[in-house]
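Working notes, beginning with the structure itself.
The values are calculated or read from the model by the stated rules, or taken from the named source; none is laboratory data. Everything numeric here is computed off the predicted structure, so don't read it as measured data. A quick note on method: Cβ atoms are made from the backbone with ideal geometry, for glycine too, and the neighbour counts reach across all protein chains shown.
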């Protein structure tokens, strides 16, 4: 028996175990969410209502606002984090002196390992007031004719605050992926680009085209990290069942909804199944984003081969 065959046989049980864990988690969420589907049907996902009552017949739930908030804040985080991560990675690899480079890498790694509650407390006491006073209020005062900015930022707890905090939290993860991919570009490619007379900016622009798969991977990682964040987002988003695209409005996310309501859900007849349905929705959103990322990577590989 060859060594490779022996390794395959030893790895097979581990792969099966991972698959069984994955399937078991999905089965648990689905079976526990069945009562909610029987009672509310698809309305549990498309309606925006949260009416808890001691009498089960009077309970009405719909988590559309939480689904919207999860996706919206994650998109905001990616739109902010991706350009910052690309700029950070290029600067660290190509421009930063060695001493500064090592310090920046260590700082980024430390930020990635910080507990999320630290980000949440810092966001609630420092980031939210700063954004409210120096960004939201000026934008509201001068650009309120734009629908995105026409919600008064009274407290500052909003989709925008949550998105910015999530961007800060996911940037170390995305930049680590992009930094490693950018630093692994063969040196001959760099020599070839400069030999053609490209400027430093033009060379960087061309070389970034070689790490498009890493960018897609970074986006998937950032989205999964952002959409699943719980405590930090719960402290800065406002926890209100709003469903709007206005950046300065408070909102809710699926993760913060589950965290806030799960402790007392057993008191009510249908709240626990609805929260399991919410978790199932979160799983399906993440699964869809990963499938989209895999499809994008395959298209890129096909184009490169052609």
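If a residue must be farther than 16 Å from residue 68 by Cα, buried (at least 18 other Cβ atoms within 10 Å of the Cβ) and more than 13 Å from the chain's Cα centre (by Cα), how many such residues does the range 217-235 contain?
1
Conditions first: (1) in contact (Cβ under 8 Å) with a residue 60 or more places away in the chain; (2) assigned to a helix (DSSP H, G or I); (3) more than 15 Å from residue 229 (Cα to Cα); (4) under 23 Å from the mean Cα position of the chain (by Cα). Residue 140 passes all but one, so which condition is the exception?
(4)
From the list 65, 87, 103, which one is touching a residue at least 24 places away in the same chain (Cβ under 8 Å) and either assigned to a helix (DSSP H, G or I) or surrounded by fewer than 13 Cβ atoms within 10 Å (Cβ to Cβ) (or both)?
Working: 87 fails: touching a residue at least 24 places away in the same chain (Cβ under 8 Å); 103 fails: touching a residue at least 24 places away in the same chain (Cβ under 8 Å).
Exactly one residue qualifies, and that residue is 65.
Do we have any residue at all in the range 20-42 that's closer than 26 Å to residue 177 by Cα and within 29 Å of the chain's Cα centre (by Cα)?
Of the residues in the range 20-42, the ones closer than 26 Å to residue 177 by Cα are 22.
The next check asks that each one be within 29 Å of the chain's Cα centre (by Cα); those that pass are 22.
Within the range 20-42, one or more residues are closer than 26 Å to residue 177 by Cα and within 29 Å of the chain's Cα centre (by Cα).
Just checking, which of 168, 211 is within 26 Å of residue 296 (Cα to Cα), buried (at least 17 other Cβ atoms within 10 Å of the Cβ) and without any contact (Cβ under 8 Å) to a residue 40 or more places away in the chain? Give the derivation first.
Values: 168 fails: without any contact (Cβ under 8 Å) to a residue 40 or more places away in the chain.
Criteria check complete, one pass: 211.
Specify which of the listed residues (241, 245) is surrounded by fewer than 16 Cβ atoms within 10 Å (Cβ to Cβ) and not in a helix (DSSP H, G or I). Talk me through it step by step, then tell me what you get.
Numbers: 241 fails: surrounded by fewer than 16 Cβ atoms within 10 Å (Cβ to Cβ).
Of 241, 245, the one residue that is surrounded by fewer than 16 Cβ atoms within 10 Å (Cβ to Cβ) and not in a helix (DSSP H, G or I) is 245.
Using the structure shown, decide if residue 51 is exposed (fewer than 11 other Cβ atoms within 10 Å of the Cβ), touching a strand residue (DSSP E or B) at 6+ places or on another chain (Cβ under 8 Å) and at pLDDT 90 or above.
On the way: exposed (fewer than 11 other Cβ atoms within 10 Å of the Cβ): yes; touching a strand residue (DSSP E or B) at 6+ places or on another chain (Cβ under 8 Å): yes; at pLDDT 90 or above: yes.
Against the criterion (exposed (fewer than 11 other Cβ atoms within 10 Å of the Cβ), touching a strand residue (DSSP E or B) at 6+ places or on another chain (Cβ under 8 Å) and at pLDDT 90 or above), residue 51 qualifies.
Going by the structure shown, is residue 151 modelled with pLDDT of 90 or more, under 30 Å from residue 241 (Cβ atoms), in a loop (DSSP other than H, G, I, E, B) and in contact with a strand residue (DSSP E or B) (Cβ under 7 Å, 6 or more places away or on another chain)? Give the steps one after another, and end with the answer.
Working: modelled with pLDDT of 90 or more: yes; under 30 Å from residue 241 (Cβ atoms): yes; in a loop (DSSP other than H, G, I, E, B): yes; in contact with a strand residue (DSSP E or B) (Cβ under 7 Å, 6 or more places away or on another chain): no.
When the stated conditions are applied, residue 151 does not pass them.
Could you give me the residue pairs with C-beta distances under 7 Å whose first residue belongs to the range 256-280 and is free of Cβ contacts under 8 Å to residues at least 12 places away in the same chain and at positive phi, whose second residue is surrounded by 20 or more Cβ atoms within 10 Å (Cβ to Cβ) and outside any helix (DSSP H, G or I) wherever it lies, and which are 6+ apart or on separate chains?
From residues that are free of Cβ contacts under 8 Å to residues at least 12 places away in the same chain and at positive phi, there are no pairs.
From 262, 287, 266, grab the single residue that is modelled with pLDDT under 90 and under 19 Å from residue 65 (Cβ atoms).
Values: 287 fails: under 19 Å from residue 65 (Cβ atoms); 266 fails: under 19 Å from residue 65 (Cβ atoms).
Among 262, 287, 266, only 262 is modelled with pLDDT under 90 and under 19 Å from residue 65 (Cβ atoms).
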